[in-house]
Structures are given as C-alpha cells and as structure tokens.
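The values are calculated or read from the model by the stated rules, or taken from the named source; none is laboratory data. For clarity, every value in this text was computed on a predicted model and none was experimentally measured. FYI the Cβ positions are ideal-geometry reconstructions off the backbone, even for glycines, and counts take in every protein chain you see. What goes into the accessible areas is simple: the full protein's heavy atoms, side chains included, and nothing from ligands, DNA or RNA. Shrake-Rupley method; radii C 1.70, N 1.55, O 1.52, S 1.80 Å.
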Amino acid sequence: MVRMIATDMDGTLLNHEGKISPENQKALRLAREKGILVVIATGRSYQGAVKVLEEAGLRLPLIHLNGACIRSEKGEILREISLDANQVRKLHEALREVGIYHELYTSGGIYCNRDGFQNLKGELDRLQIDRAKVQEWIRDLAKKQFRTTEICDRYYEDVMEEAKSPVYKVLAYSLMEEKLAEAREKAKSVAGVCVTSSNGQNIEINHPEAQKGIAVEFFARQHGIPMEQVMVLGDQFNDLSMMKRAGVSVAMGNAEEEVKKACRYVTRTNDEHGVAYAIQTWAGIEAVV
C-alpha cells in the first residue's frame, strides 16, 4: 500500500520541454484524491520549482535544493540546512582554481562566479564549436539550465564578504568531462559536504544532511507513514538517497543505469508519462494512462 509519493522534477515528472504533461497532472491529482501524500523532491530552487507547478495548477509540499530546504504546500519553511561559511569559501576557491562555471544558491538569490560565462566560452572554443553559434548557445543555456530570472545581477565575489545569507547548495557546470571530474575531486576534498549530480554536465554540493532521502523521511515521519509505504521516482544520482530508503523505488526509463539498478521498479520515460504509469501500476490508482 502506497501512502506517500515523492517525485523528482527534471527528467522525471517533467518532459523534455520542462512541462508536466496532462497525464502526469491527472495522476498526481487522483493520488491526492485517494488520500496519498504527494511531495516534490527536486534539486531546483524554490522559485524554479514553484513556477512549473503553478503552470500546471498544482500546489504541493516541496523538497528543494536536494533537501536543503523543505516547505509546506503553502510555502512555509519547515526545515533548512546550509553549508557553513568556511566550507563555502573553500568550495568557491577550489572551483575557481579549476576554472569552472559555478553558482551558489543562497536565501537571498543565486549568484554565479565572475568568470563563469568566460569559462563556458573557453570550453566552447576548445571544443571547436562554431563561434557564430556561441551567443545563441549561451542564451539558450541561460534560459534552460540557469533560469536567469533567478540569478542575481551581482557576482558572488562582489557579495561574499558582506553576504549574510546562508548558502544551501553549490552547483558547478561544464561541457568538459575532465574539468567536471577535477571539480568533483576538489569538492570531495572539502570536509563535511555531499557531492552528487542531476545531469551529466554538473555536480551539486550540499551539506550531508541536505539530501532528498533524509527530507523524504522527514515528511513521512511527520505524517506517521512508514518508509515501506513510500513511493519515490527519479532518474539521476541526486535521487539515489531516497531510492535507497523507500519501500517502492521507481526509476524512470530514461534514468542512469546505476539509478535503475538501485530501484525496485523501472517505469516508462519522462516523455512517456512515466510518473503517471508508475502511479497507476504500483500505487493502484486506476484510469491514469
């Protein structure tokens, strides 16, 4: 019996256009009508997650920034875990040494590093991508990957001394596998952090207690639901912590192989309404797809 469902967003609940299909919307609504607690568990910021949910007419409890923040469906903060200032300083310096684009997610907004887009342009040159396409590619990247409406106008270097806002997550992005690998190793050398990823071009760094699995357990415990009765759905490495804790773990058809191996079930892809199919098949909600 499934009493709670926690689903990732990108690559899971969202299709390749970044939208929640009508089939997935219907599945989540039917699950809630049956008394199942439905929770979103994403690496996105609060604003980035809520915008997509609102477009679909959904208002749900939210685990965001990989579990660093937990909010009620009304947006009230229930729990938050940030990196300490010394960790943030060391991570920022290490990533600058690598020469990689990175962002720091704070309570006051998202700040990227001063040389970030120059780092990306340098990668495009090294990969011999047509220079005429660089600006178009950067704009597209900003729209899809970094959601520029959320990124502050000032660089992190401009505010790091004066900023009092806690940093919940650090994200580094690169098109070059070797640079990403170097960034991953340097991040792991900083004591007391958890390093994971939400796609093949990034790494995400949080406090060890800021993980989706821990946050899902928090929600389940608050509602008196044993983890054996929790269904989780995801596709990437930052979903593994909840896959390993839930009684009904479901990997998307488009998930990483390691994620599929860690799960009890594999559903259809995110472009085939895999969330809806999973809810119908393993949560017993009929007439979804």
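Within the shell of other residues whose beta carbon sits under 13 angstrom from the beta carbon of residue 80, the net charge comes to +1, with Lys and Arg scored +1 and Asp and Glu -1. Within the accessible area of the range 177-228, the carbon and sulfur atoms contribute 46%, probe 1.4 Å, all protein chains present.
Counting only protein heavy atoms, what percent of the accessible surface of the range 72-127 is carbon or sulfur at a 1.4 Å probe? After summing per-atom areas, the C and S share lands at 41 percent. Any of 74/212; 19/74; 51/186; 26/74; 90/121 with alpha carbons more than 31 Å apart? Name them for me. Violating the 31 Å limit, Cα to Cα: 51/186. The angle between the Cα long axis of helix 85-98 and the main principal axis of the chain comes to about 60°, on a 0 to 90 degree scale. The range 233-268 to the range 1-55: how many Å between their Cα centroids? Centre-to-centre distance over Cα atoms comes out at 16 Å. Measuring nothing but how far apart in sequence close Cα pairs (under 8 Å, 6+ apart) lie, relative to its length, the chain scores a relative contact order of 23 percent.
Cα axis of helix 212-222 to longest principal axis of the chain: angle in degrees, 0 to 90, nearest 10? For helix 212-222, the angle is close to 40 degrees. The residue 265 and residue 17 beta-carbon pair, evaluated with R₀ = 30 Å, returns a calculated FRET efficiency of approximately 0.75. Phi-derived couplings, Karplus 6.51 cos²θ - 1.76 cosθ + 1.60 at θ = phi - 60°, listed residue by residue for the range 54-71: 5, 4, 8, x, 10, 10, 9, x, 9, 9, 10, 6, 6, x, 5, 10, 10, 10 Hz, with x used for Gly and Pro. Using the 1.4 Å probe convention, the accessible area of the range 228-277 works out to 40 Å² per residue with neighbouring protein chains retained. Round to the nearest 10 and give me the degree value, 0 to 90, for the angle of helix 177-188's Cα axis relative to the longest principal axis of the chain. Approximately 80 degrees, to the nearest 10.
A DSSP coil position with no more than 16 other Cβ atoms inside 10 Å describes the following trypsin sites (Lys or Arg not before Pro) in the range 188-289: 244, 264.
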